[in-house]
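So the structure is just underneath, and the comments pick up after that.
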Amino acid sequence: MRYHTRDSSFFAVVAALVVLSSVLASAPKSSAIPAFSRKYQTSCTTCHNNYPELNDFGEAFKKNGFKFPKDDETFVKEPPVLLGSKAQKEAFPGAVYPGEIPGFLPIAFRYEGNFTLNRKQPAGFITQTGFTPRTDLFAPNTFTIISAGSFGQNLSFWIDDDISVDAANASGAMGDGWLKYSDLGHGIGLPKNALNVRFGQFELDLPFTQAKTIYLSPYDIYSQTNLGPTGTTTNNPVIFGSAQRGIEFGGTPNNGNFDWSVAVINGSNAGDAARSSKDVYVRLSQRFNLERDPESRNAIQAAGPTGPRDHTSIRLGFYYYHGKNEQNQDGTTFPGILTTVEEPFYRVGGDLRFKYRHLELFGLAMYGHDDNHLFTAGPPATIAAAPAVKFSGGFAGANYWFYPWLIGTFHYDAVNSHADFINGAPASEHQTRNRFSPGFQILARANIKIVGEYQYTFGQPYSDPVTGNTLFFRPNTFQAGIDYVF
Amino acid sequence: MSLVKIAAKGVAVGLTLALVSVVKANEIKGKVSVQGIKSAENIAVYVDVIPDKKFDAPKDPVVVDQRKMAFVPHVVAAQQGTTVEFLNSDSVGHNVYWPSISGNKKLAHNLGTWPKGEKKPFQFNDVGVASLLCNVHPEMSGYVVVTPTPYFAVTDKDGNFEIKNIPAGKYTLKTWSEDGKPTTQAVDVSGATASVELTVKK
């Protein structure tokens, strides 16, 4: 039986943060798809104003199963290979239902390498957390293979895998790998794409994607796990921003303005199931198109005297995640040889995105709640309900396109973690882990990007080696990198 | 009818015939060869400014289509003052703009974006070349070559061209191509058909 002390709990939290940072640093990141550029002989900028973030047209393309929203066949420059003639539909079930595969191998690659400049660490901080070099060249150093496309009218697929991260031959991991059937409700008269289904491993239908983020740093709230105080059982490893395995039903009716999705997932991040129960994720969002001109409002992209752009719009969303962990009495996660206890948990929140010409504003709020239990070793050992472990936080940010190739970025991340506070000394100077991250992105070409981001982080406590007093140090970081896809 | 009157009529008919022969439409036929360029297609060939000669702007517009995410035709030549109508035949929005006319950025223009089936006109009053671009689909490319005279043509895939209805005279023939340097060549249109061989180099 393991007992936490105040100090060890604190270091456990810090260690968890460090581990999380490293996990997120190596989390697979999907990207733009040059395979589609080849298929349609079009530039990346058709779907991305700043890859891998999708513009309005890219969103419509994705929601339509990686096809142009209208008259797709007329735009395809690389015709598909038919797996049976279309007329074979009439022979079904006496024949295999006809399908198709891309006429070329839909493979694309992405490389990302960053230069990192860290703030000089004080001696006490090094003693406590370990030494971090001032500079690090090309870390992470990631090579990703991506394949995506469609298998005919209704089927689409996506696979991305970091085949090398950091060191030579070091394995990364699969990000997403799924198959989607679009427009399942067509036969029962539902509007186009009102009901789709997706199977496999996928990032949840998050309000703001982590896998396809344009930023060098992750959204902190997405990586928040939940850890109960000393002697309690909560030790929830679910990472909101991680890929999950499961089945997702969803739809984008009303010209893509309304989005809904319900996913049933393992709740084990990208790993195998570790418990019998399944988690459920629900997301609803509505976009309010603020274009005055009705023609622009209904078009895939907004028209304007200076050329097309994303619609002036506001999207409001809601999400809810529910799961049930099964914890061992000693706080270790998932069933073992000890008595276990069920601990339901949920994450709930809302989001907002506002687009106006060259400006994009966004924000997300999240509240997390985990049931918790207090274990007493005994004998006899007892277990009783304990105060829930909670956290809250979110992020807000803005992007501005000074030119189509020069984008200023900013995001602010905040996490108020109950677990941080109750596990010994606070993990932040002001009881909030927060970070300001201004940055820039330069599209040297449509497929080559130079990025930079300064991360002004929260003050982390450490003991002065001479006086023993608690001091705070901000391990601020500047990162710059190159990112290209082909 | 007196002999004098008959003679006068004969002279008048003769003069009329002579005048007709003077303004009789001739043509320039030619072939453009290329060096260091992939194709001799889509090269504009036109008669340069004719001193003391002015031409009315054409009444009929020229249409440039946007079809399957391409400007069709890729190169269009048009006399100064011509109205070019830009049609969108695609079911995606297209934008048409040109950042300059022959490098003069003051003549840049953005026509905006419009949906399928609609046209937007623009009258090209400045001689030069407008590089047509679409800021939705950067791979789209087209050219409007605005010429000072109504005597122009665009080469076919073999580099052949014909400039019809040109009065007899001595002219300066010029070329414009997407990848090659401009070429200038004198041409004497005295017979019904003047044959020209031009070479455009990269």
Residue under question is residue A:155, and the condition is that it be loosely packed, with under 15 Cβ neighbours inside 10 Å, at pLDDT 90 or above and touching a Ser or Thr at 6+ places or on another chain (Cβ under 8 Å); does it hold? no
Hey, residue A:92 within 14 Å of chain B (Cβ to nearest Cβ) and out of contact with any strand residue (DSSP E or B) (no Cβ under 9 Å at 6 or more places or on another chain) or not: no
Among the numbered criteria (1) within 30 Å of residue A:261 (Cα to Cα); (2) within 14 Å of chain B (Cβ to nearest Cβ), which single criterion is violated by residue A:179? (2)
Close pairs (7 angstrom Cβ cut-off, 6 or more residues apart or separate chains): farther than 20 Å from residue A:158 by Cα and in contact (Cβ under 8 Å) with a residue 24 or more places away in the chain in the range A:65-81, of a type in the set (A, V, I, L, M) and part of a loop (DSSP other than H, G, I, E, B) anywhere: A:75/B:69
Restricting the range B:35-75 to residues that are assigned by TED's automatic domain parsing to the domain that holds residue B:194 and over 28 Å from residue B:167 (Cα atoms), the one surrounded by the most Cβ atoms within 10 Å (Cβ to Cβ) turns out to be B:37
Among helices (runs of 4 or more DSSP H) completely within the range A:16-75, the ones holding 3 or more residues that are under 29 Å from residue A:220 (Cα atoms), within 11 Å of another protein chain (Cβ to nearest Cβ) and modelled with pLDDT of 85 or more are A:56-63
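Consider residue B:110 carefully, then state whether it is surrounded by 21 or more Cβ atoms within 10 Å (Cβ to Cβ), part of a strand (DSSP E or B) and within 12 Å of chain A (Cβ to nearest Cβ).
Details: surrounded by 21 or more Cβ atoms within 10 Å (Cβ to Cβ): no; part of a strand (DSSP E or B): yes; within 12 Å of chain A (Cβ to nearest Cβ): yes.
No; evaluated as a whole, the condition is false for this residue.
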Taking the range A:104-127 and keeping only residues that are of a type outside the set (A, V, I, L, M) and over 31 Å from the mean Cα position of the chain (by Cα), one is left with A:122, A:124, A:127
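State whether one or more residues within the range A:162-174 are under 30 Å from residue A:361 (Cβ atoms) and crowded, with 18+ Cβ neighbours inside 10 Å.
Of the range A:162-174, the ones under 30 Å from residue A:361 (Cβ atoms) are none.
No, every residue in the range A:162-174 fails to be under 30 Å from residue A:361 (Cβ atoms) and crowded, with 18+ Cβ neighbours inside 10 Å.
Looking for something outside any strand (DSSP E or B), away from chain B (no Cβ under 14 Å) and touching a residue at least 40 places away in the same chain (Cβ under 8 Å) - is there at least one such residue anywhere in the range A:279-288? Let's see the steps before the verdict.
Step one: of the range A:279-288, the residues outside any strand (DSSP E or B) are none.
No - not one qualifying residue is present in the range A:279-288.
Taking the range B:87-107 as the search range and keeping residues that are part of a strand (DSSP E or B) and not polar (S, T, N, Q), which one is farthest from the chain's Cα centre (by Cα)?
So in the range B:87-107, the residues part of a strand (DSSP E or B) come out as B:87-88, B:94-98, B:101, B:104.
Next, only the ones that are not polar (S, T, N, Q) stay: B:87, B:94, B:96-98, B:101.
Details: B:87: 19, B:94: 25, B:96: 20, B:97: 20, B:98: 18, B:101: 15 Å.
Within the range B:87-107, the match that is farthest from the chain's Cα centre (by Cα) is B:94.
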The number of residues in the range A:274-298 that are modelled with pLDDT of 85 or more and not β-branched (Val, Ile, Thr) is 14
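If you take the residues of the range B:91-107 that are in contact with a strand residue (DSSP E or B) (Cβ under 6 Å, 6 or more places away or on another chain) and under 21 Å from residue A:76 (Cα atoms), which of them is farthest from the other protein chains (Cβ to nearest Cβ)?
If we filter the range B:91-107 for residues that are in contact with a strand residue (DSSP E or B) (Cβ under 6 Å, 6 or more places away or on another chain), which is where we start, we get B:93-98, B:101-102, B:107.
Going one step further and asking which of them are under 21 Å from residue A:76 (Cα atoms), we end up with B:93-95.
Working: B:93: 5, B:94: 8, B:95: 4 Å.
Only one residue fits best here, namely B:94.
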Filter the range A:298-326 down to the residues that are farther than 17 Å from residue A:353 by Cα and either within 9 Å of another protein chain (Cβ to nearest Cβ) or over 20 Å from the mean Cα position of the chain (by Cα) (or both) and list them by number. A:298, A:299, A:300, A:303, A:304, A:305, A:306, A:307, A:308, A:324, A:325, A:326
Determine whether the range A:413-434 contains at least one residue that is among the hydroxyl-bearing types (Ser, Thr, Tyr), without any contact (Cβ under 8 Å) to a residue 60 or more places away in the chain and within 23 Å of residue A:352 (Cβ to Cβ). yes
Sort through B:162, B:118, B:139 and tell me the only one that's among the acidic types (Asp, Glu) and not assigned by TED's automatic domain parsing to the domain that holds residue B:63. B:162
Residue list for the range A:437-458, filter: crowded, with 20+ Cβ neighbours inside 10 Å and either in contact with a Lys or Arg (Cβ under 8 Å, 6 or more places away or on another chain) or at positive phi (or both): A:441, A:443, A:455, A:457, A:458
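The values are calculated or read from the model by the stated rules, or taken from the named source; none is laboratory data. What you see is a predicted model; the values in this text were computed from it and never measured. Cβ sites come from the backbone with ideal geometry, for glycine too, and all protein chains shown count toward neighbours.
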